[in-house]
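Visitor: First, the structure itself, so that you have it in front of you.
The values are calculated or read from the model by the stated rules, or taken from the named source; none is laboratory data. Worth saying up front: this structure is predicted, and the values here are computed from it rather than measured. Ideal geometry is used to build each Cβ from the backbone, glycine not excepted, and the neighbour counts take in all protein chains shown. Quick note on the areas: whole protein, heavy atoms, side chains included, nothing else; ligands and nucleic acids left out. Shrake-Rupley method; radii C 1.70, N 1.55, O 1.52, S 1.80 Å.
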Amino acid sequence: MTKVLVIGATGNVGRHVVSSLAEGGFGVRALVRDPDRASLPEGVEAVRGDLASPESLEAALPGVESVYLMWPGIPVQPRAVELIAAHAKRVVYLSADVADLADGEPATIFHQEIERLIRASGLGWTFVRAIDFATNMLGWADQVRQGVVRWPYGQARRSLIHERDIADVVVRALTTEGHDGAKYVITGPESIAHAELAGIIGEEIGSEVRWEDLPPETAREQLTAAWGNAAFVESRLRAWESFTHEPERVTDTVEQVLGRPARSFRSWAREHADDFR
């Protein structure tokens, strides 16, 4: 039986990766910080570990053939990739929509650093480069409950992707041949304006949700206080502003890999309606 190690097993994507693999009859080992608190499907083996302490992966890797890797935004640990390469044959890395780096070119985001380490490791690899997750819209939940979403750039058109589509692409790459060296940029099936996204959520929960454009300077101040990373906030504001002129791109990669269209944002909002109520 193929043994797959899932790193990030309790996350928005990882929990679906674990469930799909277990339902498919694959041996699944989950790296988790606290096995006693991890809610995992029956038959999934939980092993204590943390990417911040790479040596903790040692106990999780024996007998593993494939690895799903999600890096949680902590400082990059090259030793973690070295250990994976010493045991496994392939890795599927959940990345972002980043550019390939030339030799010696400095990384501007940690995803590029991880990708470079993986490419040099000798592992078979697939990069699943996901556009922004639909689950990030849960950050609007408190505002939705108040009936109005105040956010910058209401006409920024986004191509948010359902987390289960990400997981399905990951599982296909982990369990079937033909994906080595692939860099899959995956998106939702259409680009939808921020204000329209809020409206769809309202329709699915049965409540009117109004939109109010938040001035960028106010958003900059509020988001920096909330997220604690001024550079990241600035990059997001620039991106959203650009999507008012040219929509966030849409790819058909999900359909190419899975043989079916990507799930719509409306289907995501319907599934998560209780989270907004």
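Visitor: Charges at C-beta only: +1 for Lys and Arg, -1 for Asp and Glu. How large is the resulting dipole of the chain about its Cα centre, in Debye rounded to 20? Could the numbers behind the result be given before it?
Guide: Values: 29 positive and 41 negative charges, 67 e Å.
Result for the chain is approximately 320 debye, rounded to the nearest 20.
Visitor: Step through the residues of region 130-143 one at a time and calculate ³J(HN,Hα) from phi using the Karplus curve (6.51 cos²θ - 1.76 cosθ + 1.60, θ = phi - 60°), rounding each to whole Hz and writing x for Gly and Pro.
Guide: Couplings: 8, 5, 3, 7, 4, 4, 5, 5, 4, x, 8, 4, 4, 5 Hz.
Visitor: Given charges of +1 on the Cβ of Lys and Arg and -1 on the Cβ of Asp and Glu, with all other atoms neutral, how large is the dipole of region 1-55 about its Cα centre, in debye to the nearest 20?
Guide: Values: 6 positive and 7 negative charges, 16 e Å.
Rounded to the nearest 20 debye, it is 80 debye.
Visitor: Sequence-distant or interchain residues sharing an amide H contact under 5 Å with Ser95, placed H: which?
Guide: Placed amide hydrogens put Val128, Arg129, Ala130 under 5 Å from Ser95.
Visitor: Continuing with the same structure: Report, by chain and number, residues whose modeled amide H sits under 5 Å from the one on Gly49, excluding near sequence neighbours (fewer than 5 apart, same chain).
Guide: Here Val32, Arg33 satisfy the definition.
Visitor: Near Gln155, within a Cβ-to-Cβ distance under 14 Å, what is the net charge of the other residues, with Lys and Arg +1 and Asp and Glu -1?
Guide: Working: positive: Arg157, Arg158; negative: Glu196, Glu212, Asp213, Glu241, Glu246, Glu248.
In short, -4.
Visitor: Under a plain spin-label model, where a point goes 7 Å from the Cα along Cα-to-Cβ, how far apart in nm are Ala141 and Ile109?
Guide: 2.5
Visitor: Right, something else. Could you report the chain's accessible area per residue, 1.4 Å probe, as an integer in Å²?
Guide: Details: 12970 Å² over 277 residues.
I get 47 Å² per residue for the chain.
Visitor: Considering only protein heavy atoms and a 1.4 Å probe, what is the carbon-and-sulfur percentage of the accessible area of region 209-277? Don't jump to the answer; show the numbers that get you there.
Guide: Values: 2020 of 4190 Å².
Ligands and nucleic acids excluded, carbon and sulfur reach 48 percent.
Visitor: Follow-up question, since we're still on this one. Roughly to the nearest percent, how much of the accessible area of region 56-150 is carbon and sulfur, given a 1.4 Å probe? Write down the numbers at each step before the final one.
Guide: Values: 2020 of 4010 Å².
Solvent-exposed carbon and sulfur of region 56-150 make up 51 percent of the total.
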